[in-house]
Amino acid sequence: MFKLTLVTPEKRLVVDQEIDEVTAPAFKGELNILPGHAPLITTLETGVLSYKLKGQPEQRVAISWGYCQVNPLGVNILAEYAAVSADLQIEELKKAIAEGERKLGVESLDEEQWTETQRDVAKARTGMEIFPGTKS
Amino acid sequence: MASLKDIRARIESTKNTQQITKAMKLVSAAKLRKAQNNITNMRPYALTLRKVIADIAVTKKVTHPLMEQKAEVRKVLLVVITSDRGLAGAFNSNINKFAEAYYKENAGKLESIEFLFIGRKGADYFVKKGYKAIDAITRLDKDISYDLASHVADRLMKQYLSGEYDEIRVIYNEFKSAIAQEVVCETILPIDIQKTSFESTGPAPGFSVDMIFEPAPEQIIAQLLVKHFDLQVYRAMSESIAAEHGARMTAMENATNNAKEMINSYTLTYNKLRQEKITTELTEIVSGAEALK
């Protein structure tokens, strides 16, 4: 039994479900977790998290900052933000990216705004990636 | 004595009021359900986060500026969370009274106490009384989001770390049940992880000292503490929102009942008056007919 729990402050996506595989955008790069993985604690970057519930097709979720703990019983993932394709609209994401890039290129932003805008762009980009046909 | 027509008008207007309060009650009930869901959804996240921090902090003996108690507390920031709108019974006045009492009690002992208001009602109350606020975050009319909370949290954290304050406390209504709220005053910075974590069980199952840490435990703790703090702010806000809707629901329920009572008593007076009038008219007709005989 190897279980996955994936929660954000605003919703619960997966609670204690048995899984075959999880792939997460970890601190040091893509991290693939299979049942029996060594105990591990790591932080997650903005990116696409995918998992396979037992006997089901792969699910893709866009997350921004998160934390992942692997123990012998399963994987606990806390993400600050998580969206599945049903939550997002391609057009809006495109707009968000364009707007963000324009800001980064043209306007004079202070350091904080700059970081924030960049984070927004990264978030929107990740959002794009979870749609079928845009797999990276 | 009011005429029949006056009373009828009064009954009508009370009925209108009753309809409004009834509608407001239903709206609050729906919003309350949503707010309650928010709190329940947040719980697993909060619990796991807290546990992990405690586990790492204890097993790895890690400390962090956000966790260290200051030797002497001299400058305090009070974060007062109220609602934007009224008609919620004693919801806001409880908070305001509590915050004011706290200020008066401690103003002498501390070098400074400053205020940050979240919600218009608190800000208005204290501004009227001449207290100065470092800022007021109002217009929460849409539901609060985690984004907003983390912005506020970020700012508080920066001010705390730069030494502007030695302690940050938050005063808000805690949601007990749909009909009960409780004013609480919590210290949110420095973070007391010992106090907030070990009320439940010990280390999480499967937690071992041989864990692989990526990046180093110190860095993970630093990141997690920031998130933990964001979450504390978000939690306080969510509790306050749920409590607000609960309080408004109760207040509107009472208002509806009062309106009902009023309508009943008006109706009684109305009927009495009407009967009196009929009796008088009858007597007149009868005596008129008698006179003609």
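The values are calculated or read from the model by the stated rules, or taken from the named source; none is laboratory data. This is a predicted model, so every value here is computed, not measured. Note that each Cβ is placed from the backbone with ideal geometry, even for glycine, and that neighbours are counted across all protein chains shown.
Numbers below:
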{"item": "Candidates A:Glu10, A:Glu21 - the one that is within 7 Å of chain B (Cβ to nearest Cβ) and either charged (D, E, K, R) or under 27 Å from A:Gln89 (Cα atoms) (or both)", "result": "A:Glu10"}
{"item": "Residues of the range B:191-241 satisfying the condition of being within 7 Å of chain A (Cβ to nearest Cβ), modelled with pLDDT of 55 or more and outside any helix (DSSP H, G or I)", "result": "B:Phe207, B:Ser208, B:Asp210, B:Met211, B:Ile212, B:Phe213, B:Glu214, B:Pro215"}
{"item": "Condition met for B:Ser93 (within 29 Å of B:Ala133 (Cβ to Cβ), hydroxyl-bearing (Ser, Thr, Tyr) and outside any helix (DSSP H, G or I))", "result": "no"}
{"item": "Neighbours by Cβ (under 7 Å, 6+ apart or cross-chain): first from the range A:26-51, more than 7 Å from chain B (Cβ to nearest Cβ); second surrounded by 15 or more Cβ atoms within 10 Å (Cβ to Cβ) and part of a loop (DSSP other than H, G, I, E, B)", "result": "A:Pro35/A:Phe2; A:Glu45/A:Phe27; A:Val48/A:Ile130"}
{"item": "In the range B:100-139, the residues that are surrounded by 15 or more Cβ atoms within 10 Å (Cβ to Cβ) and acidic (Asp, Glu)", "result": "B:Glu100, B:Glu114, B:Asp124"}
{"item": "Residue that is crowded, with 21+ Cβ neighbours inside 10 Å, assigned by TED's automatic domain parsing to the domain that holds A:Ala26, touching a residue at least 60 places away in the same chain (Cβ under 8 Å) and not basic (Lys, Arg), where the choices are A:Leu73, A:Leu78", "result": "A:Leu78"}
{"item": "Every residue from the range B:63-90 that is assigned to a loop (DSSP other than H, G, I, E, B) and under 26 Å from B:Phe175 (Cβ atoms)", "result": "B:Thr82, B:Ser83, B:Asp84, B:Arg85, B:Gly86, B:Leu87, B:Ala88, B:Gly89, B:Ala90"}
{"item": "Residue check, B:Lys75 under 22 Å from the mean Cα position of the chain (by Cα), among the basic types (Lys, Arg) and more than 14 Å from every other protein chain (Cβ to nearest Cβ)", "result": "no"}
{"item": "Verdict on B:Tyr103 being among the aromatic types (Phe, Trp, Tyr) and either within 19 Å of the chain's Cα centre (by Cα) or under 30 Å from A:Ala79 (Cβ atoms) (or both)", "result": "no"}
